[in-house]
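One structure below.
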Amino acid sequence: MRKHTISLCMIIKNEEKQLENCLNSVREAVDEMIVVDTGSTDASVKIAERMGAKVLHFDWIDDFAAARNFSLQQATSDYILVLDADETLDRDADLTRVVMTEQDIVYLLRIRNLSGGAERSHYAPRLFKNGAGIHYRGRIHEQLFLGDDQNVYQGHQTDLVIHHVGYEEDIYLEKDKHTRNFTLLKKAVEENRTGYNLFSLALQYRANGEYEQAFRTFSESFALSHDKEYLAPLLFYMGDCALQLGWYAEGIDIVSKAVNSFPAYTDLHFVLGRLYEEAGYEQDAELAYRHCLELGEVKTLQQTLTGVGSYLAHFRLAELCKRQGRFEEAMKESGQAVLESRFVPTLSLYLQLLRESGTDLSESEALMMEAFPLQDEQDLNALLGVAYTRKHPLLDRLITRFGVSVSVKDLAVSKLYAGQYAQSQDLWNSAELITKENEADLFVLAILTGQTDLLLRFKRQMNYSKREWDVLLRVATGAEPSALGTGMPALEALLLQTAEQLVALREFEAFERLADWVIQAPVALQAELARMLQAYGYAQVAFDILLRLYQQGTGQPDVLAQLGDLCLLHGNVEDALKLYAQLVQTAPVIAHYARFCRLYEQTGDRAALQRLAKELKVRFPLSQWAKQLGQV
């Protein structure tokens, strides 16, 4: 069988930073490289020529399809591969193997769009037979057509992958893609107000953070798109815009109806979970995320957010469980999320949960390496970054074990949380600058050593008022506690951060000195201190703080909720019931009513559970969990 030849066809403009990577990824896989330049003023043309590409020029006429079609006309091979300069062909992609099958004239490749640590993927017709009448249409977000009328979005699905980084924020902003795209999309909508053009314009509004305008434009597109292949993603994006805008009820209504039409599209269930979670419907959110795991990742050709059927759902479940005090379940879910991905937030949560559980350093390191085996320098840097952010002693262990070269400031942080205070002090003395995140580090060290010279040295870099500085210095030197007063949120946040680090370091004497100040603070800060103590396993200390607040007549919902939960945890059902009754009178939200559900399930009171279910169905008609509760 004759070997089929392949031409790469590209259009470029000012792509000197990305072009070489793109061409390097594909030069050995194709027989010729056609690069059409539409007006570059940088070194793009020289790079393309140096890489062996055939370079042609095309006058830009605000029409991507016209430029694309010109590039296709230059190809001399049997098949054409289309790439953009901010894309690379996966190293394992075997183009020849695919075209030799002759299964179709159009082949679909998976496009992995990377942006801010997240990944969306979809399939697109990027490999097709030359000379088959295939061409592009559309000023922007151009589509492939076969003949006069047949829009090519079907074809033979392959395992070939293209990596796209053009939506990474630094690249996107540098090239000012929003301005260019928005101008062309507005023009396309004016010329032809189709559902697809409106959908593309709405995506651009969303990418620019204009969520209300995006929502309206998606809505208009929806009315014209009932039979289109992009309808399910459109509904996902409408839900996501509602999420960003805080329109939770409207978003839940839209997406709940959408999942009836697209029950297997995991992305819809995931955004429904996010809407429920942000609206405070935690039980409904949990149901949605668990359904995502049952469905798994999207296997069809539709756009999808990678992880919705795996690690992202596990991550959201871990966050929910942690917030509800279900720490063992949170650990299990976060561990699974780490096993399934290299997603940094999952790694960060897992390390934090290990710390809160009191897992010692050696075991933490072993568990982390088992869940997140280091494959390359990028993995090591990710783990170092997480350990630094979480102030975990694993940071010092990693720096030492791998001989990592770090700044004096970062080394000072690592020594501090490894318990080597004198070394940390010496290193800080030689540092010149600090960042906002280092303020708690310096304050922790000042409390542990009783020395305020470092605080005073970096005073100008720490933006606190004279009143706040007075408190900081008095706390650091062990002065007699006094009421903090209100109106100092930055100071309150610093005190809470410092308290957590002292607990994690098990410097309990220093913590008690600081806690004597915190219990003079506003109720909200004391409640947060109690929440932190519970997370670290010091439930009795948390209980004492909350009980004192309650006895002082505090009816703040956070105090009532935490105290009721602790009573239930210790089997004080009557006290828990009393506190929950006060809680729902003060703040009648579904998350607080759900506490009654846990209580009735724990005590086996099925009659009370049925009465609760009836009440919840009336009070919270959006809740699917409430409807299911009545069926138990």
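How high is the FRET efficiency between ALA132 and VAL161 when r is their beta carbon distance and R₀ equals 25 Å, given to the nearest 0.05? Efficiency at R0 = 25 Å is approximately 0.55.
ARG120 contributes an accessible area of around 40 Å² to the protein surface, as traced by a 1.4 Å probe with all chains present.
With the simple spin-label model, which puts each label point 7 Å out from Cα in the Cβ direction, the GLN420 to GLU615 separation comes to 5.8 nm.
The spacing between region 533-569 and region 260-318, judged by their C-alpha centroids, is 33 Å. Helical runs (DSSP H, four residues minimum) scored at -39500 (n - 2.57) apiece and divided by the length of the chain put the mean residue ellipticity at 222 nm at -18000 deg cm²/dmol.
For the residue pairs LYS322/LYS391; LYS228/LYS617; LYS578/LYS617, the alpha carbons lie more than 29 Å apart in LYS228/LYS617. Take 359-368, 394-403 and order them by the average number of nearby Cβ atoms within 10 Å per residue, most first; the result is 394-403, 359-368. Spacing of the modelled spin labels on GLU229 and MET100, each 7 Å from Cα toward Cβ, amounts to 2.8 nm.
Is the shape of region 19-174 rounded, prolate or oblate, going by the alpha carbon gyration tensor and its root eigenvalues a ≥ b ≥ c, with a/c under 1.5 for rounded and a/b larger than b/c for prolate? The shape class here is rounded. Compared with the dominant Cα axis of the chain, that is its longest principal axis, helix 557-569 is turned about 80°. Between the helical axis of 195-207 and the dominant principal axis of the chain, each derived from Cα atoms, what acute angle in degrees is found, rounded to the nearest 10? Between helix and principal axis, roughly 40 degrees. Largest first, the residues LYS187, LYS391, LYS17 sort by 1.4 Å accessible area into LYS17, LYS187, LYS391. Computed from backbone phi, the HN-Hα couplings of region 453-464 come to 4, 5, 4, 5, 5, 9, 4, 5, 8, 10, 8, 10 Hz, rounded to whole numbers (Karplus: 6.51 cos²θ - 1.76 cosθ + 1.60, θ = phi - 60°; Gly and Pro given as x). The angle between the Cα long axis of helix 573-586 and the main principal axis of the chain comes to about 60°, on a 0 to 90 degree scale. With θ taken as phi - 60° and the Karplus curve 6.51 cos²θ - 1.76 cosθ + 1.60 applied, the whole-hertz 3J(HN,Hα) list for region 433-444 is 10, 10, 10, 4, 5, 8, 4, 5, 4, 5, 5, 4 Hz, x standing for glycine and proline. Packing here is the average count of other Cβ atoms within 10 Å per residue, and on that basis the peptides 266-279, 524-537, highest first, run 266-279, 524-537.
Could you tell me which of rounded, prolate or oblate describes region 253-399, using a ≥ b ≥ c as the square roots of the eigenvalues of the alpha-carbon gyration tensor, with rounded for a/c under 1.5 and, failing that, prolate when a/b is larger than b/c and oblate otherwise? Cα axes put region 253-399 in the prolate bin.
To the nearest 0.05, what FRET efficiency results for ASP453 and SER362 with a Förster distance of 30 Å applied to their C-beta separation? Efficiency at R0 = 30 Å is approximately 0.30. Ordering 550-557, 327-334, 405-412, 81-88 by mean Cβ neighbour count within 10 Å, with the highest value first, yields 81-88, 327-334, 405-412, 550-557. Round to the nearest 0.05 the FRET efficiency obtained for ALA483 and GLU432 when R0 = 41 Å and r is the Cβ-Cβ distance. Working from the Cβ atoms, E equals 0.65.
Placing a pseudo-label 7 Å from each Cα along the Cα-to-Cβ vector at GLN213 and VAL523 gives an inter-label distance of 4.4 nm. Amide H contacts of LEU109 (H built 1.01 Å from N, in plane; Pro and chain starts excluded): ALA124, ARG126, LEU127 sit under 5 Å, all sequence-distant by 5 or more or on other chains. Using 0.36 nm per residue and subtracting the Cα-Cα separation, the extra length available between ALA43 and THR300 on full extension is 88.5 nm. The phi torsions of region 529-544, fed into the Karplus equation with coefficients 6.51, -1.76 and 1.60 and a -60° offset, translate into couplings of 4, 4, 4, 4, 5, 4, 4, 8, x, 9, 5, 5, 5, 4, 4, 4 Hz, rounded to whole numbers, with Gly and Pro shown as x.
The values are calculated or read from the model by the stated rules, or taken from the named source; none is laboratory data. None of the values given here were measured: they were computed from a predicted structure. Here the Cβ is made from the backbone with ideal geometry for all residues, glycine too, and neighbour counts use every protein chain on show. Each accessible area value is taken on the protein alone, full model and side chains, heavy atoms only, with ligands, DNA and RNA left out. Shrake-Rupley method; radii C 1.70, N 1.55, O 1.52, S 1.80 Å.
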